[in-house]
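See below for the structure under consideration.
Derivation of every value follows stated rules applied to the coordinates shown; laboratory data play no part. What you are looking at is a predicted structure, and each value in this text was computed from that prediction instead of being measured. Ideal geometry is used to build each Cβ from the backbone, glycine not excepted, and the neighbour counts take in all protein chains shown.
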Amino acid sequence: MSSLSDLIADLITPHAPTEQWSGQVCGGLDMAIDEQGRWFHQGSEIKRLGLLKLFASVLSCEQQRHWLTTPVERCEVQVADVAFLVCSWYRHSLADIDVLVAVDNLGRKWPICEQFPLRLQRFHQQELPYLQLGRGLQARVSRNSYYQWVEELAEQDNQGVYICSAGQQFYLTK
């Protein structure tokens, strides 16, 4: 693999074309995602990874509301913060640059780059990094991954502490 676009194509799991579907809004789904990225249906945790990946492939976030969208219906999902967490990461070396690859709680891989940037947001009175995933979705960086980045990779300038990935700086603090 020689380019960032090749890496993105190789890593990113395709998302269903939910933006092309205009199903009716359904009511009463009783699905929720807690602060730790755990999915629940009628109060019971959904633990089957295949089912979670299927739901994730049709999930989107519009105007801070999360939706599961199929060709025939759209159902709102209650989300405490974000649907996903960055649980681990690794470094991938391309011919000319190093890219940090974030792994979310469903095992999906996301290269940290211009297309999938880190942004700081407030969570429980702290500024934390969130990975932008597309379709309005985000993954909050877990405490473990955050501290590994700070200890192993972080640099600092007058704007804050940052890490480098895909030739860009992504700030972990302001």
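Results, tabulated for the structure shown:
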{"item": "Pair list, Cβ < 9 Å and 6+ apart or interchain, from the range 1-17 residues that are touching a residue at least 60 places away in the same chain (Cβ under 8 Å) and surrounded by 12 or more Cβ atoms within 10 Å (Cβ to Cβ) to residues that are part of a loop (DSSP other than H, G, I, E, B) and charged (D, E, K, R)", "result": "S3/D96; L4/E114; L11/R108; I12/R108; T13/R108; H15/R135"}
{"item": "Residue in the range 98-110 that is over 13 Å from S165 (Cβ atoms), touching a Cys at 6+ places or on another chain (Cβ under 7 Å), without any contact (Cβ under 8 Å) to a residue 24 or more places away in the chain and not in a loop (DSSP other than H, G, I, E, B) present", "result": "yes"}
{"item": "Some residue of the range 69-85 being surrounded by fewer than 13 Cβ atoms within 10 Å (Cβ to Cβ) and among the acidic types (D, E)", "result": "no"}
{"item": "Given (1) touching a Phe, Trp or Tyr at 6+ places or on another chain (Cβ under 6 Å); (2) within 23 Å of K174 (Cα to Cα), index of the condition P117 fails", "result": "(1)"}
{"item": "Members of the range 122-174 found to be closer than 17 Å to K109 by Cα and without any contact (Cβ under 8 Å) to a residue 12 or more places away in the chain, listed by number", "result": "none"}
{"item": "Members of the range 136-174 that are among the charged types (D, E, K, R) and surrounded by 15 or more Cβ atoms within 10 Å (Cβ to Cβ)", "result": "R140"}
{"item": "Selection from the range 30-63 of residues that are outside any strand (DSSP E or B), in contact with a strand residue (DSSP E or B) (Cβ under 8 Å, 6 or more places away or on another chain) and either closer than 17 Å to R135 by Cβ or in contact (Cβ under 8 Å) with a residue 24 or more places away in the chain (or both)", "result": "D34, Q36, G37, L52, F55, A56, V58"}
{"item": "Residue ID - surrounded by the fewest Cβ atoms within 10 Å (Cβ to Cβ), chosen from residues in the range 97-135 that are farther than 22 Å from A16 by Cα and under 10 Å from the mean Cα position of the chain (by Cα)", "result": "Y130"}
